[in-house]
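First comes the structure, then the notes that go with it.
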Amino acid sequence: MVLMSEQKELYLGYATDKAVTPFFQKFLEALAEEKLLMSKCTSCGTEFLPPREHCQKCLSKAELVPFTETEAKLRSYVIVDFAPETLTSKAPYVVAIGEFPSGKRLTAHITNLMSMPEVGMPLKLGFEKIDDKRITYKWLV
Ligand SMILES: [Zn+2]
């Protein structure tokens with residue numbers, strides 16, 4: 001008898017496309033538990049955040065590994081006034097590139113800003129369940 005593992009339907013952020021690969025599904029399931037995963041190339045060891053299924057350098061397969069840094073600094077940002085359809089209710093909003101001490105960068109929304117963002121300001125990695133299927137990571141100030 002073959003046991004079917006139950007797969008939860010999960011989406012990243014405001015996306016409406018299904019998680020199409022087991023790799024991406026695993027990433028989303030970890031995210032739902034408030035764990036961020038990156039990927040590491042099984043051949044050359046290059047790390048990718050957000051994770052990529054295949055290495056950009058040597059095209060080998062990459063595996064998901066935990067990413068444990070949570071504190072970053074604001075590197076760059078853009079204020080989005082004219083949002084895509086799924087995000088119009090959120091506009092204007094801030095999309096920021098945060099840089100972790102390791103040098104890895106992550107692009108995400110800042111959702112709790114009370115004043116204008118400033119390059120160099122500290123950011124903290126956060127998670128948000130938008131509804132029971134949609135999960136995302138974000139920056140908190
Ligand atoms: Zn590689």
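Brief remarks follow.
- For the stretch 70-123, GluC sites (Glu not before Pro) are listed when DSSP marks them as loop and at most 10 other Cβ atoms sit within 10 Å of their Cβ; the list is E118.
- Within the straight-line cut-off of under 12 Å between alpha carbons, the aspartates and glutamates reachable from K73 are E99, E118, sequence neighbours fewer than 8 places apart in one chain being disregarded.
- Remark: the stretch 71-140 is approximated by an ellipsoid whose semi-axes, taken from the C-alpha gyration tensor as √(5λ), come to 20, 15, 10 Å, largest first.
- Solvent-free Debye scattering, log10 I(q)/I(0), computed from the Cα coordinates of the chain at q = 0.09, 0.10, 0.12, 0.13 Å⁻¹: -0.31, -0.38, -0.54, -0.63
- Only DSSP H runs of four or more residues enter the estimate; each adds -39500 (n - 2.57), and after division by the residues of the chain the mean residue ellipticity at 222 nm equals -2500 deg cm²/dmol.
- Residue-count net charge about T42 - beta-carbon cut-off 13 Å; Lys, Arg +1, Asp, Glu -1: +1
- In this structure the amide hydrogen of R75, modeled in the peptide plane, comes within under 5 Å of the amide hydrogens of I97, G98, E99, G120, none closer than 5 places in sequence on its chain.
- Cα→Cβ-extended label distance, 7 Å offset, between T107 and Y14, nm: 1.5
- Judged by the gyration tensor of its Cα atoms, with axes a ≥ b ≥ c, the stretch 95-134 is oblate; a/c meets the 1.5 cut and b/c is at least as large as a/b.
- Whole-Hz Karplus values for the stretch 64-70 come out as 7, 9, x, 10, 10, 6, 10 Hz, taken residue by residue from phi with 6.51 cos²θ - 1.76 cosθ + 1.60 and θ = phi - 60°; glycine and proline positions read x.
- Pair Q25, V95: separation of 7 Å Cα→Cβ label points (nm): 2.8
- The HN-Hα couplings worked out from phi for the stretch 45-58 by the Karplus form 6.51 cos²θ - 1.76 cosθ + 1.60 (θ = phi - 60°) are x, 5, 9, 10, 9, x, x, 10, 6, 10, 5, 6, 7, 10 Hz, whole numbers, x standing for Gly and Pro.
No lab work stands behind these numbers, since they all come straight from the coordinates. Computed from a predicted structure; not experimentally measured. Note that we place each Cβ from the backbone using ideal geometry, even for glycine, and neighbour counts take in every protein chain shown.
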